[in-house]
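Structure, as structure tokens:
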Amino acid sequence: MEKYEISLNEEMRHTNADGEPTNDFGLCAQVWQDLCKVESIGSLQAEDALIKDILQQILVSKFGDVKNIPIPNYYKNMGGEENE
């Protein structure tokens, strides 16, 4: 397995699904959660599963464990409060 180093911006330069400012990590969490939701409904295409796995590695690196990844309010409002 090869290892890569990436840099993510912590500046609040994006807007999340709630219309609130967020940074790269917040957007990664939102996309990861989107992919988790899709996966729970059915199966992911190979490219979606790959992106989900990459995002999960990034988020686990920052937050220590899948259980510690914050759930965006967008999902809490939908009743989706569980990570994988």
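What follows draws every value from the coordinates through simple rules; no lab data is involved. Note that this is a predicted model, so its numbers are computed, not measured. We place every Cβ from the backbone using ideal geometry, glycine too, and count neighbours over all the protein chains shown.
Straightening the chain between residue 39 and residue 13 buys 6.6 nm, computed as 0.36 nm per residue apart minus the Cα-Cα spacing.
Between residue 46 and residue 4, the C-beta separation translates, for a Förster distance of 22 Å, into a calculated FRET efficiency of about 0.70.
At a 10 angstrom cut-off on C-beta neighbours, averaged per residue, how do the peptides 14-22, 48-56 rank from highest to lowest? Numbers along the way, then the final one.
Values: 14-22: 13.6, 48-56: 15.7.
With the highest mean Cβ count within 10 Å placed first, the list reads 48-56, 14-22.
Our coupling estimate for the stretch 46-58, obtained by passing each phi through the Karplus curve with A = 6.51, B = -1.76, C = 1.60 and θ = phi - 60°, is 4, 5, 5, 4, 5, 4, 4, 5, 5, 4, 4, 4, 4 Hz, Gly and Pro reported as x.
Taking label positions 7 Å along the Cα-Cβ direction at both residue 31 and residue 65, the computed distance is 2.7 nm, reported to one decimal.
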